[in-house]
Every structure is written in C-alpha cells, then in structure tokens.
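Report on one structure; see the data block that follows.
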Amino acid sequence: GAGVSQSPSNKVTEKGKDVELRCDPISGHTALYWYRQRLGQGLEFLIYFQGNSAPDKSGLPSDRFSAERTGESVSTLTIQRTQQEDSAVYLCASSGPGQGLTGELFFGEGSRLTVL
Amino acid sequence: AQSVTQLDSQVPVFEEAPVELRCNYSSSVSVYLFWYVQYPNQGLQLLLKYLSGSTLVKGINGFEAEFNKSQTSFHLRKPSVHISDTAEYFCAVISGGSYIPTFGRGTSLIVHP
C-alpha cells in the first residue's frame, strides 16, 4: 500500500524477552519517527531518523531501547529485556523532504505491545 | 523546551452541536501548530496546521482552529459535529527549528445521536 506500514500490529510477550517492531515508511520519505503511546498518555517521542542516521535519539527511555534504519527504508525498533512498563502502542511516522519542519507526519496504525 | 496541554481528556457532545477542543502550548520562540485526528483503528492523520499568516486556519471535514499568540492557544472548533467525528484529537507543536513535533495527551471527542 501507499501508507506507513507497521508490524506486528499486536505483540504479547513475557517480561525479559526481546522484541522487534518494524516500520515501512512511505516510499521516498527521508524522515522517520518513532513515538510511544501509553494508555491515557500523549505521544512520547523516542527517536528521529533523517535517512539512515539518527540526529535525535534523546527520547529513548533506556539503553534497552535501540533503533536502526536501512537507507531511507525500513526501520526496526528493538526492546531488549522487556519490562511491564514497556507496554504501549509504538507508532511510526514518516515525512518527505521539506515536510518535516512543517509537521506533516504520516503515521502507521501502530504496534501494540503487551508485556506480561 | 516546547510542551502542549490539552485541557480536556474527553468531550461528549450531541450530534449537530458545536464543539471546541482546547489546546495550549508553551514555547518561547515562534511555533508551528497542528491538529491530528485518529479515527478508531486507524493511524493519526493531519487535520490542519498553522505555519504563518492568517491566524484562522481551516482544515478537513469542516474543522477550523485559531492561533492566539497572546493566550498561547490553538483551539479546534466545529460549528456542527457528526457521529463520524467521533475520534481522538491531538494537538502538536514544533518550535525553535526543531524537526520533532511535541504532542498533547489527546482529547477524545464522543458524538452522541
């Protein structure tokens, strides 16, 4: 499809396991964002990619969280040794050249992570 | 630092009534302001944005918002809502040359028949 695609849509895991969340941005979009949305909370910024570099990863909550991006394509968010407080919806968004500063982000439907 | 406050977590309203969803921001520099909407089981999508110029901004589906610099507000309004407007609405701000939008907690608009 033409939109931002995220997988899996739902993931249930046990505490202490590692998880990988995948984001396929819109083709040609250079910027890619990861946000986290906990129940009843706003969107919490995690990391921003421009191409395959991450000029801003200030939002990653701990060293258990990491992300990478291949070129201007797929991004993977990895959470190691998951904790119950990691339970949230993880949202990915992308934007095209010049669009990022004007704020038009295109969001995927999110990956809902539940840590038991 | 930039921040956004959405004062109402939930706004119930009857169909065809007017609605206002409130948003206040905190930033010491010039800002870009946005409203996004998230319909059930869908991703967020841009509703409208203020970059510069006229302080009254019109968006999709009959929504509009007014930028008020003195009150640091960007409230969203619609004169007559429909059942299909039931969704979560997020206010967001970008300031100081940042590429990172800061989002509010969201307001759930619930339209009753």
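To keep it simple, each residue is scored yes or no on (1) open to solvent by 50 Å² or more (accessible area, probe 1.4 Å); (2) more than 14 Å from chain B (Cβ to nearest Cβ).
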{"residue": "A:Ser62", "(1), (2)": "no, yes"}
{"residue": "A:Glu68", "(1), (2)": "yes, yes"}
{"residue": "A:Thr78", "(1), (2)": "no, yes"}
{"residue": "A:Thr82", "(1), (2)": "no, yes"}
{"residue": "A:Leu91", "(1), (2)": "no, no"}
{"residue": "A:Arg112", "(1), (2)": "yes, no"}
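Picking from A:Glu72, A:Glu104, which residue would you name as being free of Cβ contacts under 8 Å to residues at least 12 places away in the same chain, part of a loop (DSSP other than H, G, I, E, B) and not small (Gly, Ala, Ser)?
Numbers: A:Glu72 fails: free of Cβ contacts under 8 Å to residues at least 12 places away in the same chain.
After applying the criteria, what remains is A:Glu104.
For B:Leu44, all conditions in the list (1) away from chain A (no Cβ under 12 Å); (2) under 17 Å from B:Phe103 (Cα atoms) hold save one; what is the number of the exception?
Evaluating B:Leu44 over (1) away from chain A (no Cβ under 12 Å); (2) under 17 Å from B:Phe103 (Cα atoms) leaves (1) as the failure.
Please go through the range A:1-22 and give me each residue that is in contact with a Gly (Cβ under 9 Å, 6 or more places away or on another chain), in a strand (DSSP E or B) and under 23 Å from B:Arg105 (Cα atoms), ordered by number.
Once the filter is applied, which keeps residues that are in contact with a Gly (Cβ under 9 Å, 6 or more places away or on another chain), in a strand (DSSP E or B) and under 23 Å from B:Arg105 (Cα atoms), the range A:1-22 yields only A:Gln6.
Checking the structure you have, find out if any residue of the range A:19-38 is over 18 Å from B:Gln45 (Cα atoms), within 11 Å of chain B (Cβ to nearest Cβ), open to solvent by 50 Å² or more (accessible area, probe 1.4 Å) and not small (Gly, Ala, Ser).
So far as the range A:19-38 goes, yes, one or more of its residues are over 18 Å from B:Gln45 (Cα atoms), within 11 Å of chain B (Cβ to nearest Cβ), open to solvent by 50 Å² or more (accessible area, probe 1.4 Å) and not small (Gly, Ala, Ser).
May I ask you to say which residue of B:Ser3, B:Ser26, B:Ser30 is surrounded by fewer than 19 Cβ atoms within 10 Å (Cβ to Cβ), polar (S, T, N, Q), within 11 Å of chain A (Cβ to nearest Cβ) and in contact with a Ser or Thr (Cβ under 7 Å, 6 or more places away or on another chain)? Working first, answer last.
Details: B:Ser26 fails: within 11 Å of chain A (Cβ to nearest Cβ); B:Ser30 fails: within 11 Å of chain A (Cβ to nearest Cβ).
Within the list B:Ser3, B:Ser26, B:Ser30, the selection yields B:Ser3.
In the range B:35-63, what residues are under 12 Å from the mean Cα position of the chain (by Cα) and either among the small types (Gly, Ala, Ser) or closer than 15 Å to B:Cys23 by Cα (or both)?
Of everything in the range B:35-63, those that are under 12 Å from the mean Cα position of the chain (by Cα) and either among the small types (Gly, Ala, Ser) or closer than 15 Å to B:Cys23 by Cα (or both) turn out to be B:Trp35, B:Tyr36, B:Val37, B:Leu47, B:Leu48, B:Lys49, B:Tyr50, B:Val57, B:Gly59, B:Phe63.
Filter the range A:60-106 for residues that are modelled with pLDDT of 95 or more, closer than 25 Å to B:Gln45 by Cα and aromatic (Phe, Trp, Tyr) and give the result.
A:Tyr90
Conditions (1) farther than 17 Å from A:Gln41 by Cβ; (2) within 10 Å of another protein chain (Cβ to nearest Cβ); (3) of a type outside the set (Phe, Trp, Tyr); (4) open to solvent by less than 50 Å² (accessible area, probe 1.4 Å), marked per residue:
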residue: B:His75; (1), (2), (3), (4): yes, no, yes, yes
residue: B:Lys78; (1), (2), (3), (4): yes, no, yes, yes
residue: B:His82; (1), (2), (3), (4): yes, no, yes, no
residue: B:Ala92; (1), (2), (3), (4): no, yes, yes, yes
residue: B:Thr102; (1), (2), (3), (4): no, yes, yes, yes
residue: B:Gly106; (1), (2), (3), (4): no, yes, yes, yes
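Given the conditions (1) within 14 Å of another protein chain (Cβ to nearest Cβ); (2) touching a Phe, Trp or Tyr at 6+ places or on another chain (Cβ under 7 Å), and given that B:Gln10 satisfies all but one, which numbered condition is not satisfied?
Exception for B:Gln10: condition (2).
Being under 23 Å from A:Phe106 (Cα atoms), over 13 Å from the mean Cα position of the chain (by Cα) and modelled with pLDDT of 95 or more is true for just one of B:Ser95, B:Ser84. Which residue is that? Even if it seems obvious, please write down each step before you answer.
Values: B:Ser95 fails: modelled with pLDDT of 95 or more.
Matching residue, one of B:Ser95, B:Ser84: B:Ser84.
Working carefully through the options A:Gln6, A:Gln41, find the one that is open to solvent by 80 Å² or more (accessible area, probe 1.4 Å) and polar (S, T, N, Q). Don't jump to the end; show me each part of the working.
Details: A:Gln6 fails: open to solvent by 80 Å² or more (accessible area, probe 1.4 Å).
Selected residue: A:Gln41, the only one of A:Gln6, A:Gln41 that is open to solvent by 80 Å² or more (accessible area, probe 1.4 Å) and polar (S, T, N, Q).
Out of the residues in the range B:33-42 that are open to solvent by 40 Å² or more (accessible area, probe 1.4 Å) and under 14 Å from A:Leu91 (Cβ atoms), which is modelled with the highest pLDDT?
Here the answer is B:Gln42.
What number of residues in the range A:44-60 are closer than 30 Å to B:Ser9 by Cβ and surrounded by fewer than 21 Cβ atoms within 10 Å (Cβ to Cβ)?
Here is the first cut: in the range A:44-60, the residues closer than 30 Å to B:Ser9 by Cβ are A:44-48, A:56-60.
Next, only the ones that are surrounded by fewer than 21 Cβ atoms within 10 Å (Cβ to Cβ) stay: A:44-45, A:56-60.
Result for the range A:44-60: 7.
The values are calculated or read from the model by the stated rules, or taken from the named source; none is laboratory data. Predicted model, so just to flag it, every value in this text is computed and none were measured. In this analysis, Cβ positions are derived from the backbone assuming ideal geometry, glycine residues included, and neighbour counts consider all displayed protein chains. Calculation scope for accessible area: heavy atoms of the full protein, side chains included, ligands and nucleic acids excluded. Shrake-Rupley method; radii C 1.70, N 1.55, O 1.52, S 1.80 Å.
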